[in-house]
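Notes for the one structure printed next.
The values are calculated or read from the model by the stated rules, or taken from the named source; none is laboratory data. Keep in mind that what you see is a predicted model, and the values were worked out from it rather than measured. No Cβ is skipped: glycine too gets one built from the backbone with ideal geometry, and neighbour counts run over all protein chains shown.
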Amino acid sequence: MPELPEVEIVRQSLNKKIKGEVIKKVLVKNRNLRFKIPHNFEQKIKNKKIKKVDRFSKHLIIIFEDNSCCLVHLGMSGTIHLISKIEKSTLTNTSFYHSPQLPKKHNHIEIKFNKFNLIYNDPRRFGYLLIFNHKNDLKKKFDNFGPEPFYSTFNADYISNYFKNKKKNIKNFLIDQKFVSGIGNIYASEILFLCKIVPGKKAKNLTFNDCKKLSYFSKLVLNKAIKKGGSSIRDFKNTFGNLGSFQKNFNVYQRENLKCLKLSCKGIIKKKIISNRSSFFCNICQK
DNA sequence: AAGAGGCCCTGATAGC
DNA sequence: TGCTATCAGGGCCTCT
């Protein structure tokens with residue numbers, strides 16, 4: 001669920017808090033993530049000073065003063081928590097993304113700073129952390145990634161060229177990081193709704209105007225989501241603090257069998273499984 | 001090469 | 001109450 005907007009929200013708040021801070025101690029409680037945390041992880045980042053927190057696509061990039069860096073991917077369920085040492089009793093100084101307080105289970109890593117501790121939690125272990133000796137080494141890692149929706153290169157020309165002879169459906173391309181970086185399952189449905197394109201449509205059958213709309217609405221949806229602090233789905237019943245609100249702006253996601261929100265459209269939102277992933281769309285205004 | 005599908009993993013929820 | 005089945009989905013992998 002952390003797609004580009006959620007990761008950007010984490011980046012912004014994290015950057016504010018840990019920029020300039022020095023890592024005093026690192027404790028790894030569980031090394032099992034998508035990639036096993038190597039045993040020299042602790043030693044590699046200890047005593048390093050944080051220069052800034054960057055982001056590419058759904059990746060956080062913690063850059064140190066010596067230009068080495070730590071790449072963090074939250075996967076499906078990764079969350080980052082900052083626990084103030086002064087307010088230790090409450091354990092809830094600041095939480096990022098969708099967890100209001102420090103969970104009891106699945107706290108994989110604890111990084112101690114002077115005034116607070118940073119916790120990486122990940123129940124489903126689809127996330128990972130990787131150390132790079134120099135930030136320039138990241139270029140290789142991101143070699144196969146397409147542009148972010150915000151890049152000027154993600155335009156109608158690029159899209160229509162890419163889609164020539166492509167038989168796969170448009171929905172699958174929107175979540176394919178080789179084509180465009182940062183869009184996940186939720187925003188893909190929302191973008192296609194605004195474009196009035198059905199998710200199952202073959203990419204090669206899109207018009208140039210469709211490609212223009214894809215470029216435009218991808219930027220629009222992600223920008224709006226960032227402005228709203230991202231989307232907090234799942235446990236937003238009992239959460240507080242830095243939660244996002246974009247889930248309130250969903251037009252189609254998780255709205256199966258409800259009325260289409262487009263004025264004057266009498267359509268019903270349908271759910272269709274495409275490549276094992278749910279897609280939501282209006283049965284009338286999306287063609 | 002492109003595309004389809006499997007798999008990793010745990011927690012929430014539905015149904016009996 | 002407690003069991004099982006299903007779903008959530010990012011990304012990597014294999015197979016055709």
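Any residue at all in region A:206-219 that is basic (Lys, Arg), away from DNA strand C (no atom under 16 Å from the Cβ) and within 17 Å of the chain's Cα centre (by Cα)?
Yes, region A:206-219 has at least one match.
Scan region A:39-59 for residues that are assigned to a loop (DSSP other than H, G, I, E, B) and either within 16 Å of DNA strand C (Cβ to nearest atom) or in contact (Cβ under 8 Å) with a residue 24 or more places away in the chain (or both) and jot them down.
A:Asn47, A:Lys48, A:Ser57, A:Lys58
Could you tell me how many of the residues in region A:37-50 are surrounded by 18 or more Cβ atoms within 10 Å (Cβ to Cβ) and either at positive phi or among the aromatic types (Phe, Trp, Tyr) (or both)?
Count: 1.
Do we have A:Lys228 as surrounded by 14 or more Cβ atoms within 10 Å (Cβ to Cβ), within 17 Å of the chain's Cα centre (by Cα) and either more than 13 Å from DNA strand C (Cβ to nearest atom) or among the β-branched types (Val, Ile, Thr) (or both) here?
So A:Lys228 passes the test.
Quick check, is A:Ile159 of a type in the set (A, V, I, L, M), farther than 16 Å from A:Lys287 by Cα, part of a helix (DSSP H, G or I) and within 15 Å of DNA strand B (Cβ to nearest atom)?
Here the answer is yes, as A:Ile159 does meet what is asked.
Return the residue satisfying two criteria in turn: it lies in region A:170-184 and is touching a strand residue (DSSP E or B) at 6+ places or on another chain (Cβ under 8 Å) and within 14 Å of A:Ser279 (Cα to Cα), and of such residues it is nearest to DNA strand C (Cβ to nearest atom).
If we take residues in region A:170-184 being touching a strand residue (DSSP E or B) at 6+ places or on another chain (Cβ under 8 Å) and within 14 Å of A:Ser279 (Cα to Cα), then A:Ile175 is nearest to DNA strand C (Cβ to nearest atom).
Within region A:139-155, how many residues are surrounded by 18 or more Cβ atoms within 10 Å (Cβ to Cβ) and away from DNA strand C (no atom under 13 Å from the Cβ)?
Residues in region A:139-155 being surrounded by 18 or more Cβ atoms within 10 Å (Cβ to Cβ) and away from DNA strand C (no atom under 13 Å from the Cβ): 2 in total.
Here are A:Lys167, A:Lys201: which of them is more than 14 Å from DNA strand C (Cβ to nearest atom), farther than 22 Å from A:Phe56 by Cβ and in contact with a strand residue (DSSP E or B) (Cβ under 7 Å, 6 or more places away or on another chain)?
Being more than 14 Å from DNA strand C (Cβ to nearest atom), farther than 22 Å from A:Phe56 by Cβ and in contact with a strand residue (DSSP E or B) (Cβ under 7 Å, 6 or more places away or on another chain) holds for just one of A:Lys167, A:Lys201, which is A:Lys201.
In region A:51-81, what count of residues is obtained for those that are surrounded by 17 or more Cβ atoms within 10 Å (Cβ to Cβ) and either of a type in the set (S, T, N, Q) or modelled with pLDDT under 85 (or both)?
The number of residues fulfilling the criteria is 4.
Kindly indicate whether any position in region A:23-43 is closer than 26 Å to A:Ala225 by Cβ and among the polar types (S, T, N, Q).
no
Restricting the search to region A:1-38, which residues are away from DNA strand B (no atom under 16 Å from the Cβ), under 30 Å from A:Pro149 (Cβ atoms) and in a loop (DSSP other than H, G, I, E, B)?
Across region A:1-38, the qualifying residues are A:Glu3, A:Lys19.
Would you point out the residue of region A:238-287, among those that are closer than 20 Å to A:Lys196 by Cβ and without any contact (Cβ under 8 Å) to a residue 12 or more places away in the chain, that is farthest from the chain's Cα centre (by Cα)?
So, considering only residues that are closer than 20 Å to A:Lys196 by Cβ and without any contact (Cβ under 8 Å) to a residue 12 or more places away in the chain, the one farthest from the chain's Cα centre (by Cα) is A:Ser264.
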